[in-house]
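A.B. asks: Starting off with a structure, shown below.
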Amino acid sequence: RRTIEQALSEKQAVIFLYPDRKQQSMEERFVDPWAVVTHLGLIYLVGWDRNKEAPRHFRMDRAGEIRISPETRREPPPADLASMIENSYIKNPLETSGDASIAFRASVQKNLQRILSLSSVKDYSDRPGWKKARCSIRDTAWFREVIRSFGETIEILSPEELRQEIQEDVHNLRQNFR
């Protein structure tokens, strides 16, 4: 975040690796930064993506190391930047409905129940000291943050797509701290 704030104050572009749409590989992105937004515990870079020639929002927990480019920012922020952010998916994530099956250490059950609506809670016979439950997903981004905040004491069993996304998030976080 400090690197982006420095680039903002110096009106410099930034370069970083970011997952492609299919999240199969990392692409180098060249961005004229306009703002850093924190919402629901997630940090986003908002700016002009020179690769795509369009405004974009980037979740910083998915980005690789961010470097300041020697090039100055070409594309200034739009006059309606605040409105653009307020009306974007950052502030209005797509509502999703669905359920997830999770496994968790019995010691975190009370904390989980305060945050998530757990149902069908039972002992997880394959893992002593663990429980299994179902929970509803209102907002995928928020749900992913909750799951990640519990670290190794929780695991997504299904849906598989969400399980893979969280595994990728953890992998990207580990890359950022090497």
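A.B. asks: It is to be established whether one or more residues within segment 144-157 are surrounded by fewer than 17 Cβ atoms within 10 Å (Cβ to Cβ), outside any helix (DSSP H, G or I) and small (G, A, S).
C.D. replies: For segment 144-157, residues surrounded by fewer than 17 Cβ atoms within 10 Å (Cβ to Cβ), outside any helix (DSSP H, G or I) and small (G, A, S): absent.
A.B. asks: Counting just the residues of segment 130-178 that are among the acidic types (D, E) and within 24 Å of I90 (Cβ to Cβ), which one comes out farthest from the chain's Cα centre (by Cα)? If you could, list the steps in order and put the result at the bottom.
C.D. replies: Step one: filter segment 130-178 for residues among the acidic types (D, E), giving 139, 145, 152, 155, 160-161, 165, 168-169.
Next, only the ones that are within 24 Å of I90 (Cβ to Cβ) stay: 139, 145, 161, 165, 168-169.
Details: D139: 12, E145: 7, E161: 15, E165: 10, E168: 10, D169: 7 Å.
For segment 130-178, the residue satisfying everything is E161.
A.B. asks: Out of all the residues in segment 35-81, which are hydroxyl-bearing (S, T, Y) and within 22 Å of E168 (Cβ to Cβ)?
C.D. replies: Within segment 35-81, the subset hydroxyl-bearing (S, T, Y) is 38, 44, 69, 72.
Answer for segment 35-81, where residues must be hydroxyl-bearing (S, T, Y) and within 22 Å of E168 (Cβ to Cβ): T38, Y44.
A.B. asks: Do you know which residues across segment 35-75 are part of a loop (DSSP other than H, G, I, E, B) and either in contact (Cβ under 8 Å) with a residue 12 or more places away in the chain or surrounded by 13 or more Cβ atoms within 10 Å (Cβ to Cβ) (or both)? Spell out how you get there, then give the answer.
C.D. replies: Residues of segment 35-75 that are part of a loop (DSSP other than H, G, I, E, B), as a first pass: 40-41, 50-53, 63-66, 73-75.
Across segment 35-75, the qualifying residues are L40, G41, R50, N51, A63, G64, E65, I66, R73, R74, E75.
A.B. asks: Could I ask something else about it? For segment 120-133, name all the residues that are more than 16 Å from F143 (Cα to Cα) and either open to solvent by less than 90 Å² (accessible area, probe 1.4 Å) or part of a loop (DSSP other than H, G, I, E, B) (or both).
C.D. replies: Just the residues of segment 120-133 that are more than 16 Å from F143 (Cα to Cα), to begin with: 120-132.
Of everything in segment 120-133, those that are more than 16 Å from F143 (Cα to Cα) and either open to solvent by less than 90 Å² (accessible area, probe 1.4 Å) or part of a loop (DSSP other than H, G, I, E, B) (or both) turn out to be S120, V121, Y124, S125, D126, R127, P128, G129, W130, K131, K132.
A.B. asks: Exactly one of (1) of a type outside the set (A, V, I, L, M); (2) modelled with pLDDT under 95; (3) over 30 Å from R1 (Cβ atoms) is unmet by G129. Its number?
C.D. replies: Unmet for G129, out of (1) of a type outside the set (A, V, I, L, M); (2) modelled with pLDDT under 95; (3) over 30 Å from R1 (Cβ atoms): (2).
A.B. asks: Answer with yes or no whether W48 is in contact with an Asp or Glu (Cβ under 6 Å, 6 or more places away or on another chain) and at pLDDT 95 or above. So that I can check it myself, show each step before the final result.
C.D. replies: Working: in contact with an Asp or Glu (Cβ under 6 Å, 6 or more places away or on another chain): yes; at pLDDT 95 or above: yes.
In short, yes.
A.B. asks: Can you tell which of V121, V146 is modelled with pLDDT under 90 and of a type in the set (V, I, T)?
C.D. replies: Details: V121 fails: modelled with pLDDT under 90.
Residue meeting the stated conditions: V146.
A.B. asks: Looking only at residues in segment 2-31 that are open to solvent by 90 Å² or more (accessible area, probe 1.4 Å) and not in a helix (DSSP H, G or I), which one is farthest from E75 (Cα to Cα)?
C.D. replies: So the residue we want is Q24.
The values are calculated or read from the model by the stated rules, or taken from the named source; none is laboratory data. If you're wondering where the values come from, they're calculated on a predicted model, not measured in any experiment. All Cβ positions, glycine included, derive from the backbone under ideal geometry; neighbour counts span all protein chains shown. SASA here: full protein model, heavy atoms, side chains in, ligands and nucleic acids out. Shrake-Rupley method; radii C 1.70, N 1.55, O 1.52, S 1.80 Å.
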